[in-house]
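Everything below concerns the one structure shown next.
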Amino acid sequence: MSQPKVAVIILNWNGIKFLEQFLPSVMASTYTNLDIIVADNASTDNSLSFLATHYPQIRTIILEQNFGFARGYNEALQQVIADYYVLLNSDVEVVPGWIEPMVQLCEGNKTIAACQPKILAYHHKDTFEYAGAAGGWIDRYGYPFSRGRVFDHCEKDLGQYNDAVPVFWATGAALFIRAADYHAMQGFDNFFFAHMEEIDLCWRLQQAGKLVYVCPQSVVYHVGGGTLPQGNSLKTFLNFRNNLVMLYKNLSWPQRLYIFPLRYALDTVTALKGLFAGQTGYFWAICRSHWAFTAWVFARQKQSVFPKQKTKKLRGMYAGSVVWAFFIKKKKLFTEIVKKD
């Protein structure tokens, strides 16, 4: 039996230093039926000339402007034919056999639409990395967290999350997804630009009756913050705005009526905490995100898809408040908050 075709697509924007550093590990992948592609988001550095000189065997897709993460991948993947896509950040180091376990997992269960490897920190390789860790969860108010990472607290990897299990979302840093399911969902929501688009996509996949998994038998190492570092005001704005848009899209009207007032209250407390700590940029980013979300609701962006919920069984959703558990009850570990995953 022939192997499924896998295409690794690296979306690049002025990331020549990461291409220089991490492309060799991607090129050393042992999976044989593999295409490696760099989609360039209108970089202004020397990324394209570097690729042409040092990696002429790598296919490049040149986008005419910086479309961001969401539309950038949507545009690029219209030009890629494969059974599976791997959306890989440029700041990720992989190991040679990282693809095979994810192919085996998804080929063994056709209901699995997407999965992610275990994400460890590149600079602290015994520690889970912020963007996905060992599989993403979400609480009822829309706050994402992960097996191995709750807010900014990242756990040491002691093998405690080495089981392949369903999760709510798979990280966009190394998203392994069935091509047919990606296109059936119309890909990412272009409006998001960057941040939260993978959680929104995974939510829609679950609502369509699909599963999202973590595959810890595959391990990668992520630098993190390569394009927009933690604490960046634009990053804060996009995270909060897109999270609210995602909630509005995927919740039913009765759910919106009781979730949004509580969510607004939590965001207000978060913004004020930042203000009193002297983080005025953080405060105003949250304020702007709420104004932008309100404008979006009234505009009803045409490119945003409002799916009909087909299933009420969502895996990886915590029924309580992760904010309450972490900040008030001082529970720092995923296993202290979610007793059974």
(message) Quick check on the range 66-84. Is at least one of its residues in a loop (DSSP other than H, G, I, E, B), modelled with pLDDT of 95 or more and among the acidic types (Asp, Glu)?
(response) yes
(message) Can you tell me which residue is nearest to residue 326 (Cα to Cα) among those in the range 254-277 that are among the hydrophobic types (A, V, I, L, M, F, W, C) and within 24 Å of the chain's Cα centre (by Cα)?
(response) 266
(request) Could you tell me whether any residue of the range 46-57 is at pLDDT 95 or above, closer than 21 Å to residue 215 by Cβ and outside any loop (DSSP other than H, G, I, E, B)? (result) no
(message) What's the total number of residues in the range 283-327 that are over 30 Å from residue 207 (Cα atoms) and either assigned by TED's automatic domain parsing to the domain that holds residue 135 or modelled with pLDDT under 95 (or both)?
(response) 1
(request) Would you tally the residues in the range 13-32 being among the polar types (S, T, N, Q) and touching a Ser or Thr at 6+ places or on another chain (Cβ under 7 Å)? (result) 1
(message) So for the range 164-175 (the condition being of a type in the set (Gly, Ala, Ser), in the same structural domain as residue 213 (by TED's automatic domain parsing), farther than 19 Å from residue 89 by Cα and more than 14 Å from the chain's Cα centre (by Cα)), does at least one residue qualify?
(response) yes
(request) Evaluate the following for residue 177: is it in a helix (DSSP H, G or I) and not hydroxyl-bearing (Ser, Thr, Tyr)? (result) no
(request) Answer yes or no as to whether residue 137 is among the aromatic types (Phe, Trp, Tyr) and touching a Lys or Arg at 6+ places or on another chain (Cβ under 9 Å). (result) yes
(message) Going residue by residue through the range 143-157, is there one that turns out to be farther than 20 Å from residue 314 by Cβ and of a type in the set (Phe, Trp, Tyr)?
(response) yes
(request) Tell me, please, whether a residue that is at pLDDT below 95 and surrounded by fewer than 17 Cβ atoms within 10 Å (Cβ to Cβ) can be found in the range 329-338. (result) no
(message) Test of understanding: among 278, 224, 209, 274, which residue is closer than 30 Å to residue 111 by Cβ and of a type in the set (Gly, Ala, Ser)?
(response) 209
(message) Give me the residue from the range 1-28 that is on the phi < 0 side of the Ramachandran plot and polar (S, T, N, Q) and, out of that set, surrounded by the most Cβ atoms within 10 Å (Cβ to Cβ).
(response) 12
(request) Run residue 272 past the list (1) of a type in the set (A, V, I, L, M, F, W, C); (2) out of contact with any helix residue (DSSP H, G or I) (no Cβ under 8 Å at 6 or more places or on another chain); (3) at pLDDT 95 or above and report the number of the one that doesn't hold. (result) (2)
(request) Could you please give the count of residues in the range 145-160 that are surrounded by fewer than 22 Cβ atoms within 10 Å (Cβ to Cβ) and closer than 14 Å to residue 129 by Cα? (result) 7
(request) Could you grab me the full set of residues in the range 129-155 that are under 16 Å from residue 172 (Cβ atoms) and in a strand (DSSP E or B)? (result) 136, 137, 138, 144, 145, 146, 149
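The values are calculated or read from the model by the stated rules, or taken from the named source; none is laboratory data. These figures come from a predicted structure and were not determined experimentally. Note: ideal-geometry Cβ built from the backbone for every residue, glycine included; neighbour counts use all protein chains shown.
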